[in-house]
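To start, the structure under review is shown below, and the notes come after it.
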Amino acid sequence: MSTPAFTGAAESGASPIINAAQQYKARYLTRQVGDVEVFYREAGPKDAPVILLLHGFPTSSHMFRQLMPLLSQDYRLIAPDLPGFGQTKSPPRGQFNYTFDNLAKVTEGFIDALGLTRFVMYIFDYGAPTGLRVAAAHPEKIAAIITQNGNAYVEGLSDQWGDWQTYWREPPPAHREKCRSSLSPDTIKHWQYLTGTDPTLMPPDGYTLDIAYMARPGAEDIQLDLILDYRTNLERYPAFHDYFRKHQPPLLAVWGKHDPAFIPAGAEAYRKDIPDAEVHFLDTGHFVLETHSPEVASYMREFLARKLKR
């Protein structure tokens, strides 16, 4: 099938990354989507190609603070906080159901509110099942996909999901409470951030902020709701694969090969449905951008220069 033109794509002769960083200026904004006030950070020219950056668990758009300056000279980067995360203000439990379907609906509303008709989607962790719901529903809007430890295949799940899988099968209170340890400061810092990384390269800013956000009233119960609903993402995998096979979006996987949750097989699996998918592994863990933002930016620039049409 024909692919709509993607106007304004960066040329292969784009300015060096260092120049982009020197000229970086972010904007911190909000946009109302129904009952949700979505906080987002934005950088880059308004008329440049758009990259929509979708964060994961347990973080926020703050995770993109090092990547955005490296690309903002030639791209318009937009990074929202999902409902239940960061600075986005959403209704409490009971008034808003914290499910991945609803995260996707709010993301769709956000895209429409900003008038985004064609964009690159960067997906990480929870941002993957959220963003892929949007992509499968609106394939005409997706110019390319960058997946950074954003899983869509059972092959990508490590052997560390036991408590969550038990909770999915049997969601009584005891199993819910056992998953609460996934939200602890120790787990966030040492398992999520430091596993598989050189600790001397890991800035404390990311995990310190995530731990503070998790300590807010009601935050843990929202996250436990999402942990239970994560089982629906595996149910959606066949639909995601069908989207990949039918529409063949240009796809770049940049993967921390020591991720304790999403193993390298998850990156390689994309090639089953998108044979031209490009896969690169980096010597780090789950939060690749904390230690390897320049490398990811370089891979993205080279890939997008080839794949996006003017």
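The values are calculated or read from the model by the stated rules, or taken from the named source; none is laboratory data. Please read these numbers as outputs of a predicted model, since none were measured by experiment. Neighbour counts run over all protein chains shown; Cβ positions are idealised from the backbone, glycine included. Quick note on the areas: whole protein, heavy atoms, side chains included, nothing else; ligands and nucleic acids left out. Shrake-Rupley method; radii C 1.70, N 1.55, O 1.52, S 1.80 Å.
At the listed q of 0.18, 0.21 Å⁻¹, the Debye profile of the range 52-98, built from one uniform point per Cα, gives log10 I(q)/I(0) equal to -0.59, -0.72.
Once the C-beta distance of LEU201 and LYS246 is scaled by a Förster radius of 35 Å, the resulting FRET efficiency is 0.30 to the nearest 0.05. For semi-axes √(5λ) of the Cα gyration tensor in Å, the value computed from the atomic coordinates appears in the list (i) 28, 21, 21; (ii) 38, 22, 20; (iii) 31, 26, 19 under label (i). Note on the chain: GNM, Cα springs under 10 Å; of PRO129, PRO264, PRO204, the largest mean-square fluctuation is that of PRO204. Nonpolar atom fraction for the range 204-310, defined as the carbon and sulfur part of the 1.4 Å probe accessible area, stands at 53 percent. Listed by chain and number, the lysines placed with their C-alpha closer than 27 angstrom to that of LYS272 are LYS141, LYS246, LYS257, LYS307, LYS309; residues fewer than eight positions away on the same chain are left out. Think of each Lys and Arg Cβ as +1 and each Asp and Glu Cβ as -1; about the Cα centre, that makes the dipole of the chain roughly 800 debye.
Using alpha carbon coordinates only, what is the Rg to Rh ratio of the range 263-304, with Rh defined as the Kirkwood radius? Rounded to two decimals, Rg/Rh equals 0.99.
Every pair of different Cα atoms in the range 133-209 enters the Kirkwood calculation, which places the hydrodynamic radius at 15.7 Å. Kirkwood hydrodynamic radius of the range 130-279 from all distinct Cα pairs, in Å? Computed over the range 130-279, the radius equals 17.0 Å. Residue ranking by accessible heavy-atom surface, 1.4 Å probe, largest first, among LYS272, LYS307 comes out as LYS272, LYS307.
Taking every full run of DSSP H in the chain, the ones that stretch at least 20 Å from end to end by Cα along their long axis and average -0.5 or higher on the Kyte-Doolittle scale are 288-307. Each stretch of four or more DSSP H residues adds -39500 (n - 2.57); spread over every residue of the chain, this sum gives -11000 deg cm²/dmol at 222 nm. Straightening the chain between SER158 and LYS272 buys 39.1 nm, computed as 0.36 nm per residue apart minus the Cα-Cα spacing.
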